[in-house]
Amino acid sequence: MKKIPEAFQDFLSRLELTQRERDEASRQHIHMRQQIQKKMEVEDNFLSGSYGRRTAIRPLNDIDIFVVRKSATGPGARKVTPSQMIEEMKATLESIYPSKKATVSARALNMEFEGSGIAYDVVPAFAAERDVYLIPDMEKDEWVRTNPKIHQEKSTAANQRAGGKLIPLLKAVKHANNRYGRVGRSFHLEVLSWQVVTSDPGAFLDGLVLLLDGLVPRMDLPCPDPAGLGPAIQPSPAKCQEAKKLLAKMARLATDAKRLASEGRLAEAHTTLQEIFGDAWQSR
C-alpha cells in the first residue's frame, strides 16, 4: 500500500492531460486560431480560461480562445451590438467547419470536436482601451469589461507564492467538485484559493486541508472580478451555500484522512480520501 505522499503525487498525475491529449488540443486550437485570422480582421488572439491559466484537468471539456477583433477602439466598438458580434463569430466558425454548428452561450460560441471530445469556447472581443477588453453579454445585451490576461498573471503569481503547489491542489479540489456534480463554480473556487494558500503548505495533504478549510468561510462572501473590471464572479447565494456545504464535507474528510495517516491507520486514510476523489485516488 502506498504512503499518502506517493499516492497524492500519483493522483495528481492522473488529473494531467496525457501527451497525446496535449498534442491534439494544441493542434486543434492552433488551426482554429489561424483560420479565424484568415477569415476576420483580428488584432490579437490567445488562450484564456482554465486551459490558459494551466488549471484545467482531465477530462478536458473546454478550451477558451479569446479573439480580439480589429476595429475602432472604445466607442467604435459599441457600434456593433453584442448580438451582432456573436452572430458574426458564429458565421465565421461555421464557414471554417461547414459540417459543424456553433452553439451560442451568454458570452461565447461553443464548438465540439468528436474525435478528441474537446470543445472550444470562442470569446469575441474588442480592445476598448489599454488593458481593457469588451466582450458581449447576450443575456443582458450589453458589453462587459474584462481582461483574462490579468487573471492569468494573478493565477501564476499565486501559484508561485505557494511554492508551485496551489495549482495542483486546486486541480484536486476541482476534480472532487466535478465528481459531485460541479456544485461550485470553477473560476470562483480558483480566485478564492489565491487568498487561502499564500505560502508553501508543505505536504499536499496538509495543503488540501488548508485549502478546503479556507474556502468554506469564503464561499458566500463578495468576490469581485480579480481584474477589477467586470461584474462579481460568485454565483447566486443559493449556489454558494450548496458549494459551501460540499466543501465543508470535503474539509472534514481531508482532516480525518490527515489524522488517520498520522496515527498509522493508512488503509483508513486511503478510504477516506477515496470518498473525496473517487477511483482517481488509488492506494496501490
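The values are calculated or read from the model by the stated rules, or taken from the named source; none is laboratory data. Treat the numbers as computed from the prediction; the structure is a model and nothing was measured. Cβ sites come from the backbone with ideal geometry, for glycine too, and all protein chains shown count toward neighbours.
See the values below:
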{"read-out": "Residue match in region 221-244 (condition: of a type in the set (A, V, I, L, M), closer than 24 Å to PRO59 by Cβ and not in a loop (DSSP other than H, G, I, E, B))", "value": "yes"}
{"read-out": "Region 147-163 residues that are under 10 Å from TRP194 (Cα atoms), paired with ones that are assigned to a helix (DSSP H, G or I) (beta carbon under 6 Å, 6 or more apart)", "value": "ALA158/LEU166; ALA158/TRP194; ASN159/LEU166; ASN159/ILE167"}
{"read-out": "Single residue of region 83-116 satisfying the filter (aliphatic (A, V, I, L, M) and farther than 30 Å from THR18 by Cα) that is modelled with the lowest pLDDT", "value": "ALA106"}
{"read-out": "Residues of region 95-105 classified as without any contact (Cβ under 8 Å) to a residue 24 or more places away in the chain and either in a loop (DSSP other than H, G, I, E, B) or under 14 Å from PRO124 (Cβ atoms) (or both), total", "value": "6"}
{"read-out": "Region 239-273, subset charged (D, E, K, R) and under 22 Å from ARG218 (Cα atoms), residue surrounded by the fewest Cβ atoms within 10 Å (Cβ to Cβ)", "value": "LYS245"}
{"read-out": "Residues of region 112-121 classified as without any contact (Cβ under 8 Å) to a residue 40 or more places away in the chain and in a strand (DSSP E or B), total", "value": "1"}
{"read-out": "Qualifying residue in region 133-141 (condition: out of contact with any helix residue (DSSP H, G or I) (no Cβ under 9 Å at 6 or more places or on another chain) and touching a residue at least 40 places away in the same chain (Cβ under 8 Å))", "value": "no"}
{"read-out": "Residue list for region 122-167, restricted to those being in a loop (DSSP other than H, G, I, E, B) and at pLDDT 95 or above", "value": "ASN147, ALA162, GLY163, GLY164, LYS165"}
{"read-out": "Yes/no for ASP131 being within 23 Å of LEU189 (Cβ to Cβ) and acidic (Asp, Glu)", "value": "no"}
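Rundown of residues vs (1) modelled with pLDDT under 90; (2) not in a strand (DSSP E or B), yes/no style:
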| position | (1), (2) |
| --- | --- |
| SER26 | no, yes |
| GLN34 | no, yes |
| PHE46 | no, no |
| LEU60 | yes, yes |
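Residues are listed down the side, and each one gets a yes or a no for (1) within 21 Å of HIS29 (Cβ to Cβ); (2) more than 14 Å from the chain's Cα centre (by Cα); (3) aromatic (Phe, Trp, Tyr); (4) not assigned by TED's automatic domain parsing to the domain that holds THR55:
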position: GLU94; (1), (2), (3), (4): yes, yes, no, no
position: TYR97; (1), (2), (3), (4): yes, yes, yes, no
position: VAL104; (1), (2), (3), (4): yes, yes, no, no
position: MET111; (1), (2), (3), (4): yes, yes, no, no
position: ALA162; (1), (2), (3), (4): no, yes, no, yes
position: HIS175; (1), (2), (3), (4): no, no, no, yes
position: THR198; (1), (2), (3), (4): no, yes, no, yes
